[in-house]
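Just below is one structure, and these are the notes that go with it.
The values are calculated or read from the model by the stated rules, or taken from the named source; none is laboratory data. In this text the structure is predicted, and so the values were computed from the model without any measurement. Every residue, glycine as well, gets a Cβ built from its backbone with ideal geometry; the counts of neighbours run over all protein chains shown. In case anyone asks, the SASA skips ligands and DNA or RNA and just uses the protein heavy atoms, side chains included. Shrake-Rupley method; radii C 1.70, N 1.55, O 1.52, S 1.80 Å.
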Amino acid sequence: MKLGTLVKPLLFSGLFLAGSVMAAPSAQQVLAASPVDDIVERYPAMMSEGIREGLKRNQQLPPMVADTIGYVVTNSFRAVDIEQQIVKSLEQELSGSQLEAVESWYKTPVAQKISAAEIAASDPAAWQQIQARAMELNRKYKGTDRARMFERFDRASRATESAVDTTIAVQLGLASAMAAFSSGSGNYDELRQSIENQRETIRGVVEQQVYDSYLHTYENISSQEMGLYIDFLESGAGSAFSKTVTGSIQQAITEPVESIGSQLARFLSPQK
């Protein structure tokens, strides 16, 4: 993730098909019907770019070392691994009727319109546009229903919560990389605790980024459509889907971070 680029799964429960003779869709089919797989495909690039941007700010880091770190980071996160983790978790956590309800939502015209907007906003190149228009959109929507909807949307979609966890993972990856370069740095557990202690500060910054992204992403979605969308996010199957997807993504991107430091130590030790 570019730090402001978020995974915002679309969910729905309420359309249970009573008496249906059709088999429930598989978790893989539900994921394919949603925008989640398209967004997840961009995650490795988002993670790598976030860490590379952090490295650029360190003037003492030799370019060759920065390139090595970038290479290791790029190869530590794979979209296919993240997707497999999501599918596995969906199979374990959601019932057949819940999967069916989620797929039914994604097949509606409103869901397809929203999915297209979310996929477009997840492109790493879109973040520059989001940043450039942030002040304009904040002024435009101040005091409007769209602004008032954000708290409910954010709570239902877990957008800020997910973005904070991803930001911490990016910072931890960067810190692990620097620990491998600096012999005086602490171990992984110490780094993690230090960054976790900054969670509330990080949340304040990230929540504004999430809000800016929200205003940009859904600019062409009507208030009625947003209301339906949030209803879907708050539904039983929708909430289960959202929680499972965001939790799976967090697990899939956190585990590789723990190995980045050790990989870099092997790469960089001959240079020390």
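Some observations on this one:
Every residue, every condition in (1) at pLDDT 90 or above; (2) under 28 Å from GLU41 (Cα atoms), yes or no:
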| site | (1), (2) |
| --- | --- |
| ALA111 | yes, yes |
| ALA125 | no, yes |
| MET149 | yes, no |
| SER162 | no, yes |
| THR166 | no, yes |
| LEU172 | no, yes |
| GLU190 | no, no |
| GLN198 | no, no |
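- Any hit, the stretch 128-138, residues being of a type in the set (A, V, I, L, M), open to solvent by 10 Å² or more (accessible area, probe 1.4 Å) and under 19 Å from ARG203 (Cα atoms): yes
- Single residue of the stretch 236-251 satisfying the filter (among the small types (Gly, Ala, Ser) and open to solvent by 20 Å² or more (accessible area, probe 1.4 Å)) that is modelled with the lowest pLDDT: GLY247
- Residues of the stretch 125-146 satisfying the condition of being of a type in the set (A, V, I, L, M, F, W, C), assigned to a helix (DSSP H, G or I) and free of Cβ contacts under 8 Å to residues at least 60 places away in the same chain: ALA132, MET135
- Of all the criteria given as (1) over 24 Å from PHE232 (Cβ atoms); (2) of a type in the set (S, T, N, Q); (3) touching a residue at least 40 places away in the same chain (Cβ under 8 Å), the one not satisfied by SER122 is (1).
- Positions within the stretch 199-217 being of a type in the set (Gly, Ala, Ser) and crowded, with 17+ Cβ neighbours inside 10 Å, in sequence order: SER213
- Only one of the listed residues (SER176, SER182) is at pLDDT below 95, over 23 Å from ILE39 (Cβ atoms), out of contact with any strand residue (DSSP E or B) (no Cβ under 8 Å at 6 or more places or on another chain) and open to solvent by less than 20 Å² (accessible area, probe 1.4 Å). That residue is SER176.
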